[in-house]
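The structure appears below as structure tokens.
The values are calculated or read from the model by the stated rules, or taken from the named source; none is laboratory data. The structure presented is a predicted model; accordingly, all values stated were derived computationally and were not measured. No Cβ is skipped: glycine too gets one built from the backbone with ideal geometry, and neighbour counts run over all protein chains shown. Quick note on the areas: whole protein, heavy atoms, side chains included, nothing else; ligands and nucleic acids left out. Shrake-Rupley method; radii C 1.70, N 1.55, O 1.52, S 1.80 Å.
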Amino acid sequence: MSAPEPVDLTVADLHPALGDPALTSMNFLNEVSERYPAAVSLAAGRPYEEFFDLAAVHRHLDTFHRHLVDDLGHRPEQARRLLLQYGRTKGIVHHLIARNLAVDEGITVDPEDVVVTVGCQEAMFLVLRALRAGPTDVLLAVAPTYVGLTGAARLVDLPVWPVAGGSGGVDLADLATQVHRVRAAGLRPRACYLMPDFANPSGVSIDTADRQRLLDLAGQEDLLLLEDNPYGLFHSDDGPRPPTLKALDTGRRVVYLGSFAKTVLPGARVGYVVADQRVAGPDGRVGPLADQLAMIKSMVTVNTSPIAQAVIGGRLLEHGCSLVAANTRERSAYTRNLRHLVAGLTRRFPDQPDRPDRPAVRWTVPAGGFFVVVTVPFPVDDALLDRSGRDYGVLWTPMAHFYDDNAPVHALRLSVSAVTPEQIDLGLDRLAALITDEVARRAG
Ligand SMILES: Cc1ncc(COP(=O)(O)O)c(C=O)c1O
């Protein structure tokens, strides 16, 4: 028998978030993919890798360097320093982000209100860290919600209070009820986090009228809205996209969280936050919330890699600062895959009311984004995912990971972003076999 491994610390002596399901979720899902590398993965919400282009990364860097010299008038040594030295905490591509928001979203922002972050994940962390002032503070979040948000909230000891999402993306009556409940409990709702466009994991979007009502409600209740928008560009019809909350925001109610992971390159790890809320300091001086977030950032990551920012900046410059223009190929691939997945589900699970032996399987039909939610007649847990990978060769994500309680959830999330139509077909054949067998096993 081997000697027990020596132990120096226990998790119980570390921050309580460690060991919490919100923090272990991502690791678990990654581990399952590593365990079954040959399985078709409809689990990963990663962008399609065949579009990655190493040569383009070098070109983007050069493009941004030229921009520093030719457009901004930097001397060569200044430009070199800007790219290779420690740098401005709020970032060096803030002016291009502001231009991108104007071009693609009709959002007017002062570049000084932008903080460029290490992915959107850091942006969420900075905002939550700043908002959590004391033990009575809570964050509202539309459920199901992105697990990275829940995990970040745990790390700053900010409880997450769920708000019903429903088929419209946010249940406004429930939001009002929850705000009042939070206050009646002697707590302070600091903000409500939501993804108005093709949310992760639900795929649901909020319509324009409800966006306006949401802003009105936020105004009445003196509530901030944290708008996270990594998927908004990937809409599947050619009509106009609904305006973002930030574009409709006339009262500085919305903190806007951006990510370049899906629209440029996840490996660059660049995101940002627009935080134009005016904050009064102890000396009475007023500045943007962005400045306070930068103060926190200076103690977390110091500054976002300028080399990575330059790659993003170069890509923006090469497309007139339009990510819509830069992503035409990506949008059509994701749209095609989404349609293919929905058609494949329809073929494999036709409605057969006269066949009670057929499992009742339902799914969402999002108007864009990466995700479809499939509801099945049995609870979906991690053990079933493991069996799916091992015995059926297909991976997906249990929806239970996106709820902040331990209640059983009869649903799973499928992602279309990192696969081909052929892989979708294979994955759906395998998923259909799993569902049919699982129904039979439970019946029998
Ligand atoms: C809703 C949502 N927000 C934020 C992120 C994190 O983005 P980033 O990779 O820029 O940190 C993701 C990543 O999948 C996401 O789905």
**Item:** Candidate set: region 197-212, residues that are open to solvent by less than 10 Å² (accessible area, probe 1.4 Å) and more than 11 Å from the ligand (Cβ to nearest atom); chosen: the one farthest from residue 338 (Cα to Cα)
**Value:** 211
**Asked** In region 1-114, which helices (runs of 4 or more DSSP H) lie fully inside it and hold 3 or more residues that are of a type in the set (A, V, I, L, M, F, W, C) and either under 30 Å from residue 403 (Cβ atoms) or touching a helix residue (DSSP H, G or I) at 6+ places or on another chain (Cβ under 7 Å) (or both)?
**Response** 21-35, 54-66, 76-84
**Complete:** Filter region 229-249 for residues that are among the charged types (D, E, K, R) and either under 12 Å from the mean Cα position of the chain (by Cα) or open to solvent by 40 Å² or more (accessible area, probe 1.4 Å) (or both); the one that is modelled with the lowest pLDDT is 238
**Subset tally (residues that are in contact with a Ser or Thr (Cβ under 8 Å, 6 or more places away or on another chain) and touching a residue at least 60 places away in the same chain (Cβ under 8 Å)) for region 431-444** = 1
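Looking at the structure I just gave you, is residue 141 within 16 Å of the ligand (Cβ to nearest atom) and of a type outside the set (Val, Ile, Thr)? Give the derivation first.
Values: within 16 Å of the ligand (Cβ to nearest atom): yes; of a type outside the set (Val, Ile, Thr): yes.
When the stated conditions are applied, residue 141 passes them.
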**Prompt:** If residue 192 satisfies every condition in (1) within 16 Å of the ligand (Cβ to nearest atom); (2) of a type outside the set (Phe, Trp, Tyr); (3) modelled with pLDDT under 95 but one, which is the exception?
**Reply:** (3)
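Here is a yes/no grid of residues against (1) farther than 24 Å from residue 306 by Cβ; (2) more than 11 Å from the ligand (Cβ to nearest atom):
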{"position": "115", "(1), (2)": "no, yes"}
{"position": "122", "(1), (2)": "no, no"}
{"position": "125", "(1), (2)": "no, no"}
{"position": "145", "(1), (2)": "yes, no"}
{"position": "155", "(1), (2)": "yes, yes"}
**Request:** Output the residues belonging to region 25-65 that are under 18 Å from the mean Cα position of the chain (by Cα) and surrounded by fewer than 14 Cβ atoms within 10 Å (Cβ to Cβ).
**Result:** 26, 27, 30
**Request:** Can you work out which of the residues in region 73-113 that are surrounded by fewer than 15 Cβ atoms within 10 Å (Cβ to Cβ) and of a type in the set (S, T, N, Q) is farthest from residue 308 (Cα to Cα)?
**Result:** 108
**Request:** Residue by residue through region 193-230, note down the ones that are closer than 14 Å to residue 255 by Cβ and acidic (Asp, Glu).
**Result:** 227, 228
**Request:** Give the residues of region 74-106 that are farther than 17 Å from residue 263 by Cβ and among the β-branched types (Val, Ile, Thr), sorted by residue number.
**Result:** 89, 92
**Request:** For region 3-16, enumerate the residues that are over 36 Å from the mean Cα position of the chain (by Cα) and open to solvent by less than 100 Å² (accessible area, probe 1.4 Å).
**Result:** 3
**Prompt:** Residues in region 199-219: is at least one within 15 Å of the chain's Cα centre (by Cα) and among the charged types (D, E, K, R)?
**Reply:** no
**Asked** hydrophobic (A, V, I, L, M, F, W, C) and within 15 Å of the ligand (Cβ to nearest atom): does that describe residue 131?
**Response** no
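Just the residues that are open to solvent by 20 Å² or more (accessible area, probe 1.4 Å), at negative phi and of a type outside the set (Gly, Ala, Ser), please, taken from region 219-228.
If we filter region 219-228 for residues that are open to solvent by 20 Å² or more (accessible area, probe 1.4 Å), which is where we start, we get 219-222, 224.
Next, from what is left, pick out any that are at negative phi: 219-221, 224.
Passing the criteria: 220, 221, 224.
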**Complete:** Restricted to region 250-271 and to residues being crowded, with 22+ Cβ neighbours inside 10 Å and more than 14 Å from the ligand (Cβ to nearest atom), the residue nearest to residue 100 (Cα to Cα) is 254
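Going residue by residue through region 159-168, is there one that turns out to be closer than 25 Å to residue 269 by Cβ and crowded, with 18+ Cβ neighbours inside 10 Å?
Applying the first criterion (closer than 25 Å to residue 269 by Cβ) to region 159-168 yields 160.
Restricting the remaining residues to those that are crowded, with 18+ Cβ neighbours inside 10 Å gives 160.
Scanning region 159-168, I find at least one residue that is closer than 25 Å to residue 269 by Cβ and crowded, with 18+ Cβ neighbours inside 10 Å, so the answer is yes.
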**Request:** From (1) more than 28 Å from residue 105 (Cα to Cα); (2) surrounded by 15 or more Cβ atoms within 10 Å (Cβ to Cβ), pick out the condition that doesn't hold for residue 172.
**Result:** (1)
